[in-house]
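The next block holds one structure in the form of structure tokens; read it before the comments.
The values are calculated or read from the model by the stated rules, or taken from the named source; none is laboratory data. None of these values were measured; they are calculated from a predicted model. A quick note on method: Cβ atoms are made from the backbone with ideal geometry, for glycine too, and the neighbour counts reach across all protein chains shown. Heads up: the accessible areas ignore ligands, DNA and RNA and are worked out on the full protein's heavy atoms, side chains in. Shrake-Rupley method; radii C 1.70, N 1.55, O 1.52, S 1.80 Å.
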Amino acid sequence: DDELTADIVAASRQVIADLYAAGCRNVQFDDCTWTRLCDASVRERLGWSDEDALRLQQENLDVINAVIADQPDDLVINTHVCRGNFHSTWLSSGLAPVAAKLFGEENVDAYYLEFDDDRSGDFAPLAEVSGDKKVVPAITSKKPDLEDPDTIKARIQEAAQYIPLDRLCLSTQCGFASTQEGNKLTEDQQWAKIALVQSIAKDVWGE
């Protein structure tokens, strides 16, 4: 396991180095490990005990922080905690069980998070976010219906109870899909979602 971990860290650092050399200054991880650790029903299906889950949280955290340690100052590293986005389906719920490790100890610059419906849970876990990290709540890319702008603005204000508004952003999920099958939206519906995000962002944060 130690050799595998070392290889994962080395390979990931090499990818980042190659991206940086090619001019990239913003890297985003799509991290599904936390997804499997935050939902008790998923852990049960995988046969993980509570002790297993705590151990795996620490192991995952150690790998991520080793990958992003001592990176260039002008490189922004973000993580997206994907909780399932395959053909308009989802995998897991909640964030509270992993919040202390994920938000308090993972040394990324920002978190892209699903807060699109009741399944996502409330914003209380954001109280664990340390330092000056940014948080990017997402509107759903699973459904074609456009959200009510006032509802989204109210949700942003809820999040602002835990994270200052100038460290909050807004996005869609997963670039509209986690896999090549996509979600059950047309291209026009996807552009409409992007326009909605732009409009809400201008109202909340200005130009």
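Worth pointing out:
- Answer residue from segment 165-190, given it is loosely packed, with under 11 Cβ neighbours inside 10 Å and at pLDDT 90 or above and is nearest to P144 (Cα to Cα) among those: D188
- Within segment 153-164, being part of a helix (DSSP H, G or I) and open to solvent by 80 Å² or more (accessible area, probe 1.4 Å) holds for one residue alone: Q157.
- Filter pass, T35 being in contact with a helix residue (DSSP H, G or I) (Cβ under 7 Å, 6 or more places away or on another chain), touching a residue at least 24 places away in the same chain (Cβ under 8 Å), in a helix (DSSP H, G or I) and of a type outside the set (D, E): no
- Checking the stated criteria, K133 turns out not to satisfy the condition of being open to solvent by less than 40 Å² (accessible area, probe 1.4 Å), closer than 23 Å to D30 by Cα, of a type outside the set (A, V, I, L, M) and at pLDDT below 90.
- Test result for D150, at pLDDT 90 or above, more than 18 Å from the chain's Cα centre (by Cα) and open to solvent by 30 Å² or more (accessible area, probe 1.4 Å): yes
- Looking across segment 47-84, the residues that are open to solvent by less than 10 Å² (accessible area, probe 1.4 Å) and either at pLDDT below 85 or touching a Pro at 6+ places or on another chain (Cβ under 7 Å) (or both) come down to A53, V81, C82, R83.
- Output for segment 4-46, where each listed residue is open to solvent by less than 60 Å² (accessible area, probe 1.4 Å), at pLDDT below 80 and within 25 Å of K133 (Cα to Cα): C32, T35, L37, C38, D39
- When segment 193-207 is filtered for residues that are touching a residue at least 24 places away in the same chain (Cβ under 8 Å) and open to solvent by less than 40 Å² (accessible area, probe 1.4 Å), the ones remaining, listed by number, are K193, L196, V197, I200, A201, V204.
- Residue within segment 178-192 that is under 20 Å from A110 (Cα atoms) and either touching a residue at least 12 places away in the same chain (Cβ under 8 Å) or among the small types (G, A, S) (or both) present: yes
- Some residue of segment 143-150 being out of contact with any strand residue (DSSP E or B) (no Cβ under 9 Å at 6 or more places or on another chain), among the basic types (K, R) and under 15 Å from D203 (Cβ atoms): no
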